[in-house]
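See structure below.
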Amino acid sequence: MHTPDDDDPAELDRKIEEIVGRGPSGAFAVAGVATAIVVGLFYLFYLVVYLPRGAVQ
């Protein structure tokens, strides 16, 4: 959506600084979910596959 303020470079710079100032919260959320999935799969593998086999002799 184009507004008259978009033609003003100072206003555009202010909007960009506002967006960048919020930080990469979405990227951190995706990384956190991916890490939780990997850790969960590790524990699932450990409990379902590794422990039932018992000690290797």
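The values are calculated or read from the model by the stated rules, or taken from the named source; none is laboratory data. Everything numeric here is computed off the predicted structure, so don't read it as measured data. For neighbour counting, all protein chains shown are included, and Cβ atoms are generated from backbone atoms with ideal geometry for every residue, glycine included.
Restricting segment 18-32 to residues that are surrounded by 10 or more Cβ atoms within 10 Å (Cβ to Cβ) and part of a helix (DSSP H, G or I), which is farthest from the chain's Cα centre (by Cα)? Per the criteria, the residue is GLY32. Could you check, for segment 32-46, whether at least one of its residues is at pLDDT 85 or above and touching a helix residue (DSSP H, G or I) at 6+ places or on another chain (Cβ under 9 Å)? No: zero hits.
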